[in-house]
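Q: Structure below; questions to follow.
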Amino acid sequence: MIKITDLEKIYRTEDIETVALNKLSFEVKEGEFVAIMGPSGCGKSTLLNILGLLDDPDGGSFVFNNEEIAHYSESKRAQIRKRNIGFVFQSFNLIDELTVFENVELPLIYLNMKASERKEKVEEVLKKMQVMHRRNHYPQQLSGGQQQRVAVARAVVNNPKLILADEPTGNLDSSNGNEVMQLLTDLNEQGTTIIMVTHSEHDARYSHRIIRLLDGQMVLENSLI
Amino acid sequence: MFRNYFKIALRNLMKYKFISFINLFGLSVGLACCLLIFTYIRYEVSFDRFHKNADNIYRVQRTFNDPETGNMSLELGAVAPPFATLLENDFKDIKNITRFIPNGPTPLRYDDKMFNQDDVYWADERLFEIFSFDVSKGNPSTALKEPFSVMLTEEAAKKYFGGSDPMDKMIRMNNQFNFKVTGVFKPLPGNSHFHPEVMVSFSTLRDSAIYGEEQLRTNFGNNSFYTYLVLPEGSDPKRLEAQFPAFLNRHINDGGPYKASQYTALQLIKLTDIHLTSHRDDEIEENGDIKRVYIFSAIALFILLIACINYMNLSTARSVLRAKEIGIRKVVGAGKNELITQFLCESVVICWIAAIMAFIFTWIALPWLNSVSGQQLSGDALFQWNVLALILIFPFLVGIIAGIYPALFLSSFQPVRVLSGSLKVGGKSISFRQVLVVLQFSISIMLIICTAVVYQQLKYMQGKSLGFEKEHIITLNNNVALNENYTAFRNTLLADPNIKNAGRSSRIPSGRLLDASGSQISRGDSLAPTKADIKVVSVDEDFIPTYGITMLEGRNFRKNSAADTSSYLINEAAVRVLGLKSSQDAIGMAFQYGGRKGQLTGVFNDFHFESLHQRILPIVFRQSVGTDGYGNISVKVSGTNVPAALAHIESTWKKFLPEIPFEYRFLDENFEELYRAEMRQGSVFTIFTGIAIFIACLGLFGLSAFTITQRIKEIGIRKVLGASVKDIVFILSKDFMKLVLIAAIIAFPVAWYAMHNWLADFAYRIDISWGVFILAGIIAAIVAFATISLQAIKAAVANPVKSLRTE
Ligand SMILES: Nc1ncnc2c1ncn2[C@@H]1O[C@H](COP(=O)(O)OP(=O)(O)OP(=O)(O)O)[C@@H](O)[C@H]1O
Ligand SMILES: [Mg+2]
């Protein structure tokens, strides 16, 4: 599903150049659950953003679903992104002005889905995430765990093939964290590919494979299966 | 998808109440100004369009010019009486033709109902064939046919006859002639360039006691007959106009050295163009002005622009607060276009809300604006389909104009940056915002300067010495019935110590100088014609002392029972155009004016007979040969007891003219009225300038609040390091004040150019002084500084520990 070769990302500010990704190569197959670990600043988020087509690499190749997309335009990337990829962030990133229902509905709106169909899908996923009773609340009225479940609901509502999660449990206590990890595992079992950045060895154990980064390079790749 | 956009637009509106208030208030006031101007323009361009024939009706106009230089000396909207018949005979193209003469205030009486009736017109029955009148009683095709017939509007009929049927009743004019009522008509609407109240049959003028058949056929000198003709659908008036010079030469032959077409010309003007574009010397009523339409449109658009800039500035400044939302939307699949659409939707929604508020504002402001501007726009004008369509469409356009920049700016945020919190709003966006602030303040400063100059000119005109004493002069309409016993009338007047003097004249100052004839002056032993264009006023021997006009040389008219008809008095301007070396040289010189021989006996000072829009023209005073030349009586009263003086004038009038209603005017009020258009322009300017500055300041207030919030940490650190409140206010205001300075530098030349053009309409005008510019700059700077300080002081006195902890 994903194959990157010699991927590079360099941040240039006025006087310093930061090599965030240094000729990184690896492959993720469909249906895999991959964890990415490494010390702070090693390039994990940078990698995830590129894999999520939010950012473009400075060099190397990025093949997504057999398509070379390293140099796609922003609008083309947005097209692929909205059909294939769901995101979960450490800080939930829900829109404060929209209700739970409206937040989850958002990706479907951008897919130009009919309102009735949207309602059905959103309610189905809200039930699954056990936040149906909160559908008309605003994000600030929910607990962190509930917010993250809403975020996961939003990430999966359009049945993406790939879910990218950047420290999804980072802001949660352990019981809420485990619940979210269980949700991701369930999704993975239903066939969704998941790539997750985490600092927690405990969470990493939910995955099939761990990629360890240091200074933008892969230092270790160990499979748990 | 749009529902989602509207929802978030409304929620944002509620969440950021202060910003929303600034935006909504500014945009709604801006739109209200546009709406007001739009209804005003709609009204102005609708003039005379209600006539069924409107597109094919033309007015025949006449100009006089110097045959040598071609310089215009007189531009008239009316022509001489013979033209109507001659034109119709000579040009088969003319389908119909009519003419009328507004008669001026006319004493009319029925039983004990006696009024000085305004808007009495001599008109013929073809008026109804050409113009669309609504005749409610009588037969329009015959009512004005017979001599001594009269038609009235419904209101006028009520005035004279109360509830009873006016038909066939007799109305007495000027206590001399009886007219039979043959019809009643509905008055023309406000958007007509003429408004007859009473129409007396034109055929009456054939009576030699009134004007005479012969005069109608041959008098090419009396150009007071407004003549309208109908051309066939689609025919070109230019083609007809091209034949006018030959036509004039064919019919006018005065034996002089020039052909008629060399010194006079006829033109056609389309009926519907008269109100906005015609500014002849003798317009029937005060016309509108296309220039005023442009000026007001520009001001309305300026205010709207300022409001749009507020929206742009505040939306982009607020972007920091919305960055997260934008990032998330992009992450879940929004493309740039979808975000642009969303933000445009938001601005359109806000503009629509503003439009509804604008509609209400306009509704409330309309009567008040009418009173300031002298318009007669009714609230109904707002409920026309095209006004309502405008309210729907215009916000759409404005929303897109105001929203496009914020939309492009916001939609280009990179989600990675935004969500990782590393977004810095700065660089380019700030400098563009600064350009917009400069633009707002340039407009505001320009408007301040314009307002100040308009008022300075007004003050100058009202305060300028006119060269005679205009105070405490009461003017009356003379009446033929006074001719025989005027001396007794005057003596009775002067018997009261409150009455200082009284004199008669054909025209009074504040009116126009439109009468002129050819003149001859002695050259060697004989008289030779001059090329001088000298206006004539018939005055009696008391006129000059009544007005306190200064005799520079020679003497006033002799005071005896017979008129001193061989004496001519001229002003200094006439001395110059006659080519005389000095005023002394003029005295005793043989002079002929309009065929009457005599000599120059006096020179008086150049005084402002007309408004200050006009140059001082060469004038000759002569005495009237008959007694009918004096249409006006001017009475100088003492300033100590004007009511007593007035009471005495009235009782004297009633004694001598019991059949004629008493009516008077104060001369200085006449002069005030000459500048009414400018006075209104001044008040409208002031209002709009105030609104513009207020909206600009609201925007600045919001913007500085944002900028200062962004610098809150810097302020904290500076305070910790020992900066005083004063230092911090200075630091925070400095950048904005720089912008105001730049705005002033841009505004100065633009305002100078605009006002230079505006002043060109006045023959006597102020010089634009630098003081006005400096003052406008200082006002803008003070207002801007006060606005920013409100925010800056709040930030500066805040506890630095708090602001540092928030980081
Ligand atoms: N916009 C940027 N401009 C400059 N440098 C950046 C930018 N974003 C990231 N970097 C740098 O690139 C490197 C990788 O950053 P990245 O955010 O990928 O780290 P990370 O592994 O996700 O760290 P953490 O575990 O703390 O989230 C870091 O050295 C960071 O300073
Ligand atoms: Mg990270």
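Q: Ordered by packing density, taken as the mean number of other Cβ atoms within 10 Å over each peptide's residues, highest first, how do B:350-363, B:392-405 rank?
A: Packing order, densest peptide first, comes out as B:350-363, B:392-405.
Q: Follow-up. Using only the Cα atoms of chain B, construct the convex hull and provide its projected area averaged over every direction, in square nanometres to one decimal.
A: For chain B, averaging the hull's shadow over all directions gives 44.1 nm².
Q: Taking +1 at the Cβ of each Lys and Arg and -1 at the Cβ of each Asp and Glu, which of A:LEU126, B:THR565, B:GLN681 sits farthest along the dipole of the protein assembly as shown towards its positive end, judged by Cα position relative to the Cα centre?
A: It is A:LEU126.
Q: Please report the projected area of the stretch B:653-702's Cα convex hull averaged over all directions, in nm².
A: 5.5 nm²
Q: Need one value for A:45-51: mean number of C-beta atoms belonging to other chains within 10 Å of its residues' C-beta atoms.
A: Mean partner-chain Cβ count within 10 Å for A:45-51: 2.
Q: In the stretch B:500-639, what % of DSSP beta bridges are antiparallel (nearest 5)?
A: Counting DSSP beta bridges with both partners in the stretch B:500-639, the antiparallel share is about 70 percent.
Q: Related question: Greater than 25 Å separation of Cα atoms is the criterion. Which listed pairs, B:LYS159/B:LYS654; A:LYS3/A:LYS161; B:LYS500/B:LYS535, meet it?
A: Going by Cα-Cα distance, B:LYS500/B:LYS535 fall outside the 25 Å limit.
Q: What is the extension gain from B:LYS734 to B:LYS238, computed as 0.36 nm multiplied by their sequence separation minus the C-alpha to C-alpha distance, in nm to one decimal?
A: This chain segment gains 172.3 nm when fully extended.
Q: Per-residue counts of other Cβ atoms within 10 Å, averaged by peptide: what ranking do you get for B:167-179, A:190-202, highest first?
A: Averaged packing, sorted descending, gives the order A:190-202, B:167-179.
Q: Turning to a different aspect of this structure: Report the local net charge at B:ARG596: Lys and Arg +1, Asp and Glu -1, summed over other residues whose C-beta lies under 13 Å from its C-beta.
A: With Lys, Arg at +1 and Asp, Glu at -1, the neighbours total +1.
Q: Please report the antiparallel percentage of the DSSP beta bridges confined to chain A, to the nearest 5.
A: 55 percent
Q: Give me the dipole magnitude in Debye, nearest 20, for the stretch B:459-502 about the Cα centre, with unit charges on the beta carbon: positive for Lys and Arg, negative for Asp and Glu.
A: The calculation lands at about 280 debye.
Q: Quote to one decimal, in nm, the extra length available between B:LYS92 and B:GLU286 on full extension: 0.36 nm per residue of separation minus the C-alpha distance between them.
A: Extra length available between B:LYS92 and B:GLU286 comes to 66.5 nm.
Q: So, R0 is 25 Å and r is the distance between the beta-carbons of B:ILE401 and B:TRP368; what FRET efficiency does that work out to, to 0.05?
A: Given R0 = 25 Å and the Cβ-Cβ separation, E is 0.30.
Q: Using a 10 Å cut-off on Cβ atoms, rank the peptides B:694-700, B:159-165, B:58-64, B:668-674 from the highest mean neighbour count down.
A: The peptides rank, most packed first, as B:694-700, B:58-64, B:668-674, B:159-165.
Q: In straight Cα distance, which lysines are under 23 Å from B:LYS794, not counting same-chain residues fewer than 8 positions off?
A: Leaving aside lysines fewer than 8 places away in the same chain, those within reach of B:LYS794 are B:LYS15, B:LYS17, B:LYS713, B:LYS719, B:LYS726, B:LYS734, B:LYS738, B:LYS802.
Q: Using a Debye calculation, one point per C-alpha and no hydration shell, please list log10 I(q)/I(0) for the stretch A:87-225 at q = 0.12, 0.16 Å⁻¹ in order.
A: -0.48, -0.82
Q: Across peptide A:79-90, what mean number of C-beta atoms from other chains lies inside 10 Å of a residue's C-beta?
A: Other-chain Cβ atoms within 10 Å of each residue's Cβ, averaged: 3.
Q: Based on the Cβ-Cβ distance from A:GLU8 to B:LEU408, what FRET efficiency comes out when R0 is 41 Å, to the nearest 0.05?
A: 0.85
Q: Taking Cα centroids, how far is the stretch B:316-333 from the stretch B:532-575 in Å?
A: Taking the Cα centre of the stretch B:532-575 as reference, the centre of the stretch B:316-333 is 84 Å away.
Q: Which value in nm describes the separation of the simple spin-label points at A:GLU67 and B:HIS756, placed 7 Å from the Cα toward the beta carbon?
A: 6.2 nm
Q: To the nearest 10 square angstrom, what accessible area does B:CYS450 show with a 1.4 Å probe?
A: 10 Å²
Q: Now a separate question. Subtract the Cα-Cα distance of B:ALA298 and B:ARG417 from 0.36 nm times their separation in residues, and report this length gain in nm to one decimal.
A: Fully extending the segment from B:ALA298 to B:ARG417 adds 38.6 nm.
Q: Please report, ordered by residue number, every helix of chain B (full DSSP H runs) that is 27 Å or longer along its axis going by C-alpha atoms and whose mean Kyte-Doolittle hydropathy reaches 1.6.
A: Both cut-offs are met by B:385-411, B:770-797.
Q: Still on this structure, please answer the following. What does the accessible area per residue of the protein assembly as shown come to in Å², with a 1.4 Å probe and no ligands, DNA or RNA counted?
A: Accessible surface, normalised per residue, equals 43 Å².
Q: Place a +1 charge on the Cβ of each Lys and Arg in chain B and a -1 charge on the Cβ of each Asp and Glu, then give the dipole magnitude about the Cα centre in debye, rounded to the nearest 20.
A: Roughly 4620 debye, rounded to the nearest 20.
Q: Between B:ALA488 and B:SER136, what FRET efficiency follows from the Cβ-Cβ distance if R0 is 41 Å, with the result rounded to 0.05?
A: For B:ALA488 and B:SER136, the calculated efficiency is 0.35.
Q: Roughly what would the spin-label model give for A:ILE80 and B:ASP111, points 7 Å off Cα along C-beta, in nm?
A: If labels sit at A:ILE80 and B:ASP111, their model points lie 9.9 nm apart.
Q: Considering only the other residues whose Cβ falls under 12 Å of the Cβ of B:SER164, what net charge follows from Lys and Arg at +1 and Asp and Glu at -1?
A: Neighbour charge sum, excluding B:SER164 itself: 0.
Q: Only helical DSSP H runs with n ≥ 4 go in: add -39500 (n - 2.57) per run for the protein assembly as shown, normalise by residue count and round the 222 nm mean residue ellipticity to 500 deg cm²/dmol.
A: Calculated mean residue ellipticity at 222 nm is -15000 deg cm²/dmol.
Q: Using the Cα centre of chain B as origin and beta-carbon charges of +1 (Lys, Arg) and -1 (Asp, Glu), tell me which of B:THR39, B:VAL536, B:ALA300 is placed farthest towards the positive end of the dipole.
A: Value computed over the given set: B:ALA300.
Q: How large are Rg and Dmax for the protein assembly as shown when calculated on the C-alpha trace, in angstrom?
A: 42.2, 136
Q: Shifting gears a bit: I want the local charge near B:ASN178. Using Cβ-Cβ distances under 11 Å, sum +1 for each Lys or Arg and -1 for each Asp or Glu among the other residues.
A: Spelling it out: positives minus negatives among the neighbours equals +4.
Q: How far apart, in nm, are two points set 7 Å out from the Cα along the Cα-to-Cβ line at B:THR218 and at B:PHE383?
A: With each label point 7 Å from Cα toward Cβ, the separation is 6.1 nm.
Q: For the stretch B:641-685 and the stretch B:242-289, what is the separation of their C-alpha centers, rounded to whole Å?
A: Cα centroid to Cα centroid, the span is 33 Å.
Q: Using unit Cβ charges (K, R positive; D, E negative) and no other charged atoms, how large, in debye to the nearest 20, is the dipole of the stretch B:307-464 about its Cα centre?
A: Dipole magnitude for the stretch B:307-464 comes out near 700 debye.
Q: Roughly how many Å is it from the Cα centre of the stretch B:171-194 to that of the stretch A:1-61, as a whole number?
A: What the calculation gives is 93 Å, centre to centre.
Q: Could you work out, residue by residue across A:103-110, how many beta carbons of other chains sit within 10 Å of that residue's beta carbon, and then give the average as an integer?
A: That average works out to 5.
Q: Among B:GLY722, B:PHE773, B:ALA574, which residue has its Cα furthest toward the positive end of the charge dipole of chain B, with +1 on Lys/Arg Cβ and -1 on Asp/Glu Cβ?
A: B:GLY722
The values are calculated or read from the model by the stated rules, or taken from the named source; none is laboratory data. Here the structure is a predicted model, which is why all the values come from computation and not from measurement. Cβ atoms come from the backbone with ideal geometry, glycine included; neighbour counts cover every protein chain shown. Surface accessibility is based on the protein's heavy atoms, side chains included, excluding ligands, DNA and RNA. Shrake-Rupley method; radii C 1.70, N 1.55, O 1.52, S 1.80 Å.
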